[in-house]
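Step one of this worksheet: look at the structure below.
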Amino acid sequence: MSMTAIEIEELILKTFPDAKIIIDDLRGDGDHYAAQIISEKFRGKTRVQQHQMVYNAMDGKMGKELHALALNTSAPKD
């Protein structure tokens, strides 16, 4: 089973309502995505912590409905 970019964005926005999100379907198969996420909630967090926050927001779908999600995360630039 695969996910759409819209479904991924909706899950992310539940945890990061202020986020600016760009999602690319890397293979066109609905199973391999890259996401760029900018949110104030990432400020002061390490890259690993930011990615863990996003994976937690995926509500257990990583490794099941969604095989791969490459992340580029950051806080907004001042």
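The values are calculated or read from the model by the stated rules, or taken from the named source; none is laboratory data. Computed from a predicted model, the values in this text were never measured in an experiment. Reconstructed Cβ throughout: ideal geometry from the backbone, glycine too, with neighbour counts over all protein chains shown. Please note that ligands, DNA and RNA were not included when accessible areas were found on the heavy atoms of the full protein model with its side chains. Shrake-Rupley method; radii C 1.70, N 1.55, O 1.52, S 1.80 Å.
Before moving on, here are some points about what is shown:
- The angle between the Cα long axis of helix 47-57 and the main principal axis of the chain comes to about 50°, on a 0 to 90 degree scale.
- DSSP bridge analysis restricted to the chain gives an antiparallel fraction near 45%, rounded to the nearest 5.
- Rg followed by Dmax, in Å, when the chain is reduced to its Cα trace: 11.8, 40
- Net charge of neighbours whose Cβ lies under 9 Å from the Cβ of GLU65, counting Lys and Arg as +1 and Asp and Glu as -1: 0
- Between TYR33 and LEU26, ALA68, LEU69, ALA70, the built amide H atoms are under 5 Å apart, and every one of these is 5 or more places off in sequence or on another chain.
- Electrostatic tally near ASP24: other residues with Cβ closer than 14 Å to its Cβ, Lys and Arg +1, Asp and Glu -1, net -3.
- Probe 1.4 Å, accessible area per residue of the range 5-74, Å²: 59
- Using a probe radius of 1.4 angstrom, the carbon and sulfur fraction of the accessible surface of the range 5-74 is 49%.
- Contact order for the chain, expressed relative to its length and based on alpha carbon pairs under 8 Å spaced 6+ residues apart, stands at 37 percent.
- Against the chain, whose longest principal axis is taken from its Cα atoms, helix 5-15 shows a tilt of about 40°.
- Potential extension, LYS20-ALA75 segment - 0.36 nm per residue separation minus Cα distance: 18.8 nm
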